[in-house]
Structures are given as structure tokens and as C-alpha cells.
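Remarks on the structure that follows.
Taken together, the values in this text are just the output of simple stated rules run on the coordinates, not laboratory data. What you see is a predicted model; the values in this text were computed from it and never measured. Cβ placement follows ideal geometry from the backbone for every residue including glycine, while neighbour counts extend to all protein chains displayed.
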Amino acid sequence: MKPFRVRMTDEMIKTYGMDKQMDRMFVEPEYIESVDFSVFHSDDYVDVLKNLTLENKDLYADQINRFNFGEDCPIFDGMFDYCQIYTAGSLRGATWLAQGLSDIAINWSGGLHHAKKMEASGFCYVNDCVMGILELLKTYERVLYIDIDCHHGDGVEEAFFTTNRVMTASFHKFGDYFPGTGAIDDIGAGPGKYYSVNFPLSEGVDDFTFEQAFKPVMKEIMNRFKPDSIVLQCGTDSLSGDRLGLFNLSVKGHADCVKYMRTFGVPILLIGGGGYSLRNVARCWTFETSVALGIEIENEIPPHEYSPYFGPDYRIHLPVSNMENNNSREQVERTTQQILQNLKNITAVNVDHSNYRNQGAYPINHLAYDDKENKQAMEDKNKDVTMDQE
Ligand SMILES: [Zn+2]
């Protein structure tokens, strides 16, 4: 199963010829079937996810309620397979980075950041972000998760709330908005205190405001936490004109986050996320793929199968709306200063990998999978960007 917006993105990336400028991460059916959600999710939740169908849902009435299936997380045919496919993409991306096959790996079908250990949430069933990070923790000492979706990255934050090996930083609309969490004083707990960062924003965030918030905070996190790998969730519902989002970013402003994080030279797993205006999702992730590749692409979208969707302008970059920006420069500066103050408390912890299972994250189990093809690809390594295509 490939959601339409991912299909559109995929097609547009090919139209620009970018698929020829990167290695493709093949995700074999056996690999997809071997994905074990119980590395993060509870067994009883996984069991329901696997067995629940539209036909038998009456038998699972209690669990549907308990695990939050229904309105925001509808049951649909192929739900379990869908989860395995997008999660396999993030896991494979993580292993490619860990094996040194790429500096940047991309899985635009991933980024389902709201799913909890035993709860579906906001159309997220399995949290591939968490599972990708757990995979990276097998190799890397410290992983930084960044979330530029309009919604708070609550599921990822919750999973790593008490560890200092994973730092989470989310920039999101806050106040009377799903999922309701992500206040500035939401900073982590126990050994993970100060390792959760939340930058709450009001509606109408434009490129200037986002840059004012993003760069100083990320620079300080990179200086102090010194992550050896990064997961960047690029939800596009923070773009201007999104049907659910309330921000006003341009594609370029959104992609500047990718461009900025790339300057640190740390391996990055780029994943998708929200985005409810189809054309803008494809525009943005196509452009961000070019940023990952470090190339420039024409603003004019070449003719391709989905061209009619992009009329009448047929361009990647469009003007943003004239919505009001409710974030004053002073307020953004105050929030930034408060976060920078908190960040003085964090350090780059070193991890004894011989004992990494006890470092405060969820238990980590190696996926039983013989990665022959990746070993082969390692010998043939000459490009630095990969892309997952389901
Ligand atoms: Zn979102």
C-alpha cells in the first residue's frame, strides 16, 4: 500500500531525475515481514493491530476503545501491512546510516510520530520514528530527534522522556490544538530531564519566525548534546495552506531546516509525517530531496503523470497566504532564551555499548535479519543519499 501523497512525491522525484542521483534502499518482503513492533509497542496492542479487521471489529469492541482505534485512527483493510511497510522503511534507513552506506537516508512514508506504546493516535498506529531511533541506538551513542510537523511529536517524546541518550526537539502549534501536549516546561524527567525540548508556537508562523526559533535552539543542542545521528521528521502540515495545519511556512522555509541540519555533517534519517494538502506535500518532499542531495532543481515542475494537480502554476514554490502571524518577535525571543537556559543542563553522555540495553531507553531487540544485500551495497558505496520506495 502506498498512500497517494507518497506516490505523487515518488513520481515527482523521478520526474526530476533525482532517483538516478541516489541509491535506492530495497526493502525486501522478508525484511518487511520480520519487522517486530513489540520492540516498542506492547504485545496486546500489536496483537489487536494484527488481527483487527473491518469484518471482525465487533469482537474487539473493548480493545478498540482501550487502544483508541476509531475516529482519528480508523480501521482499514491492510492496516497491519501498511504499518510494516512504512516502519520497515525507517528501520532500513537507520541500518543504512549505521552501516555507513549513506550520510542521509529518506523514508517519506514514515514519520508517524503520535503512536504510543499501547495506543493509536492521530492516524498513527505504529511509531516508526521511535523504532528507527531504537535501531540507531544499537550503533550510535546519542540520537537527536527533530520534529517540524505542525503537531507536537508526543509519541516520540514520551518514549524517550527519561533517557539522556535520545534528545527530542519539537517545534509546533500549541494551545487548543491536537494533541494538546508540548508546553515549554515539558522537559523530560529523571536522567532525561532537559533532554526533551518543546518550542510552542501560535498560529501563522512564517519563515522568519521559524528560523528565529529553529536555528539558535538547534545550534545549541548540536554544541552540547553532540548527537552522532539525527532523525528529522518533516511533517508538511506546517506549510502555508495546509488543511489541518495552522502555520504559514513556504516550501523553502520548511526545507531550510533540512538544509541547516545538513551543515553539521551528522548522519540524518529524513522521514515524512503529517501533510493534508496533497500537492504541497509532494512539492515540499520533492524539494527537500533535492536539498538532501545538495542540488538545485527547476521551479517549474516537468510534465508527468500527476501534472494536472499542479496547475495552473506548475511550480514547486508558491507564495504563502496573508494569514496573520500571531507570534511576536519578542515572544519568540523569550521562548528561545528560556530553552537556551535549560540547555545549559545537558551534556553529551557517553555510553558503554557493552551494556547499552540498560541505558534507560526501552528494551532493544535486534531484528533477526541477515542483511546480505546491504553488505554487498557497502562494497559498492559511491553515492551518499538514499531513498526508500515502498
Ligand atoms: Zn501533524
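Most exposed first by the Cβ proxy, i.e. fewest other Cβ within 10 Å, how do THR236, THR162 rank?
Placing the least packed residue first, the sequence is THR162, THR236.
Give me, ordered by chain and number, the residues 5 or more places off ARG315 or on other chains with an amide H under 5 Å from its own placed amide H.
Placed amide hydrogens put ILE301 under 5 Å from ARG315.
Out of the DSSP beta bridges found with both residues in the chain, what percent are antiparallel (nearest 5)?
10
Which translational diffusion coefficient, to the nearest whole µm²/s, is obtained for region 199-246 from the Stokes-Einstein equation, given a Kirkwood hydrodynamic radius over C-alpha pairs, 37 °C and 0.692 mPa s?
262
Calculate the all-directions average of the projected area of region 242-345's alpha-carbon convex hull, and give it in nm².
For region 242-345, the mean projected area of the Cα convex hull comes to 9.0 nm².
List CYS73, CYS234, CYS129 from most exposed to least, where exposure is judged by having the fewest other Cβ atoms within 10 Å.
CYS73, CYS234, CYS129
Round to a whole angstrom and tell me the spacing of the C-alpha centers of region 1-47 and region 269-298.
Rounded to whole Å, the Cα centres lie 16 Å apart.
Most mobile of SER240, SER170, SER321 per a Gaussian network model of the chain (Cα springs, under 10 Å)?
Of the options given, SER321 has the highest mean-square fluctuation.
Starting at the first residue of region 329-337, write each ³J(HN,Hα) from the Karplus equation 6.51 cos²θ - 1.76 cosθ + 1.60 with θ = phi - 60°, in whole Hz, x for Gly and Pro.
4, 5, 5, 4, 5, 4, 4, 4, 5
Going by how many other beta carbons lie within 10 Å of each one, how would you line up TRP96, TRP108, fewest first?
Lowest to highest Cβ neighbour count: TRP96, TRP108.
Roughly how far apart, in whole Å, are the Cα centres of region 170-189 and region 56-78?
27
Which of VAL46, LEU136, GLY265 sits farthest toward the positive end of the charge dipole of the chain, with +1 on the Cβ of Lys and Arg and -1 on the Cβ of Asp and Glu?
Farthest along the dipole direction, towards plus: GLY265.
Can you pull the one-decimal nm distance between simple spin-label points at ALA348 and ASP47, each 7 Å off the Cα toward Cβ?
4.5
Dividing the alpha-carbon Rg of region 274-325 by 2.2 N^0.38 Å yields what? Before the final figure, lay out each step's value.
On the way: Rg = 12.1 Å, N = 52, 2.2 N^0.38 = 9.9 Å.
Against the empirical 2.2 N^0.38 Å value, I get 1.22 for region 274-325.
Kirkwood Rh over Cα pairs of the chain into Stokes-Einstein at 25 °C, 0.890 mPa s: D in µm²/s?
The diffusion coefficient I find is 117 µm²/s.
Which ³J(HN,Hα) values, rounded to whole Hz and listed in residue order, are derived for region 283-300 from phi using the Karplus coefficients 6.51, -1.76 and 1.60 in 6.51 cos²θ - 1.76 cosθ + 1.60 with θ = phi - 60°, glycine and proline given as x?
Taking θ as phi minus 60°, the curve returns 4, 5, 5, 5, 5, 5, 5, 5, 5, 4, 6, x, 10, 9, 10, 5, 5, 6 Hz for region 283-300.
Run the helix sum for the chain: -39,500 (n - 2.57) per DSSP H stretch of 4+ residues, divided by residue count, reported at 222 nm to the nearest 500 deg cm²/dmol.
-11000 deg cm²/dmol
Note down the relative contact order for the chain as a percent, whole number, built from C-alpha pairs under 8 angstrom at least six residues apart.
Working: 784 pairs, mean separation 94.9, N = 390.
It comes to 24 percent, rounded to a whole number.
Take the cross-link list LYS50/LYS193; LYS138/LYS344; LYS117/LYS193 and give me the ones stretching past 31 Å between alpha-carbons.
In this structure, LYS50/LYS193 lie more than 31 Å apart at Cα.
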